[in-house]
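The values are calculated or read from the model by the stated rules, or taken from the named source; none is laboratory data. Computed from a predicted structure; not experimentally measured. Using ideal geometry, Cβ is built from the backbone for each residue, glycine included, and neighbour counts are taken over all protein chains shown. When the accessible area is computed, the model is the full protein with side chains, heavy atoms only, and any ligands, DNA or RNA have been set aside. Shrake-Rupley method; radii C 1.70, N 1.55, O 1.52, S 1.80 Å.
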Amino acid sequence: MQVGTNPIATLETSMGPIVVELWPDKAPNHVANFVELGQKQFYDDKVFHRIIRGFMVQTGCPKGDGTGGPGYTIPDEFNNTPFKKGVLVMAKTAAPDSAGCQFFVCVSDALHLNDKYTAFGRVLDGQDVADRMSNVSVGKRDVPLKEIKLKRVLVALPKGYEKPEVKKSGK
């Protein structure tokens, strides 16, 4: 896996940019879904609705409270990627095949997620931004007391990448 052969997404946040490499070889449907949502501007002006210091920063909920989705879910794509600091993860409920649009960046190793969540990318630049986010004060349900925005997601596709049609799990 070399930089330059995978899609790259820039998460423009109110605290600075986070550049991530997406892994279509490890989670092709999750990457296709993320790319499609980014291209449709679904992620524009979403808040980081859940932050757990020493674990992760989460965004992508259309309701802004962690209860919303894109109107569908996608099948799990577990892979052998260890959940280390900087890994991009699709959020889900405890139910199988329940991911949709919410995602998070690990700000420390989270090996307890192995074989339970789908890793679909990693931070190339801007981990310091995610780390700063993870240190903000939070209230009930890990909601930041000061709003942090995901302004937009810009996706750059490498030459020859053909986005597959997103497979939905029908939930």
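Within a straight-line Cα-Cα reach of under 16 Å, LYS116 can be paired with the following aspartates and glutamates, leaving aside sequence neighbours fewer than 8 residues apart in one chain: ASP76, GLU77, ASP97.
Over 24 Å between Cα atoms: which of LYS40/LYS140; LYS40/LYS63; LYS46/LYS146; LYS26/LYS85 fall into that group? Among LYS40/LYS140; LYS40/LYS63; LYS46/LYS146; LYS26/LYS85, the Cα-Cα distance tops 24 Å for LYS40/LYS140.
To put it simply, the accessible area of the stretch 119-164 at a 1.4 Å probe is 48 percent carbon and sulfur. Heavy-atom accessible area for THR93, with the other protein chains in place and a 1.4 Å probe, reaches approximately 80 Å².
Please find the FRET efficiency linking GLN39 to ARG141, where r is the Cβ-Cβ separation and R0 is fixed at 41 Å, and quote it to the nearest 0.05. Given R0 = 41 Å and the Cβ-Cβ separation, E is 0.85. Placing unit charges on the Cβ atoms only, positive for Lys and Arg and negative for Asp and Glu, gives the stretch 1-91 a dipole magnitude near 320 debye about its Cα centre. The charge dipole of the stretch 23-143, taken about its Cα centre with unit charges on the Cβ atoms of Lys, Arg (+1), Asp and Glu (-1) only, comes to about 340 debye. Taking PRO62, PRO70, PRO17 as the candidate residues, the one with maximal mean-square fluctuation in a Gaussian network model of the chain, Cα springs under 10 Å, is PRO70.
The HN-Hα couplings worked out from phi for the stretch 139-145 by the Karplus form 6.51 cos²θ - 1.76 cosθ + 1.60 (θ = phi - 60°) are x, 4, 6, 6, 7, x, 6 Hz, whole numbers, x standing for Gly and Pro.
Among the listed options (i) 22, 18, 16; (ii) 30, 21, 15; (iii) 36, 22, 14, the one matching semi-axes √(5λ) of the Cα gyration tensor in Å as calculated from these coordinates is (i).
Structural descriptor for the chain: relative contact order 36 percent, calculated from alpha carbon pairs under 8 angstrom and at least 6 residues apart. Over the stretch 84-169, accessible surface divided per residue gives 55 Å², non-protein components excluded, 1.4 Å probe. Phi angles of the stretch 110-121 translate, via the Karplus equation with coefficients 6.51, -1.76, 1.60 and θ = phi - 60°, into HN-Hα couplings of 9, 5, 5, 7, 3, 6, 10, 9, 9, 7, 9, x Hz per residue; Gly and Pro are given as x.
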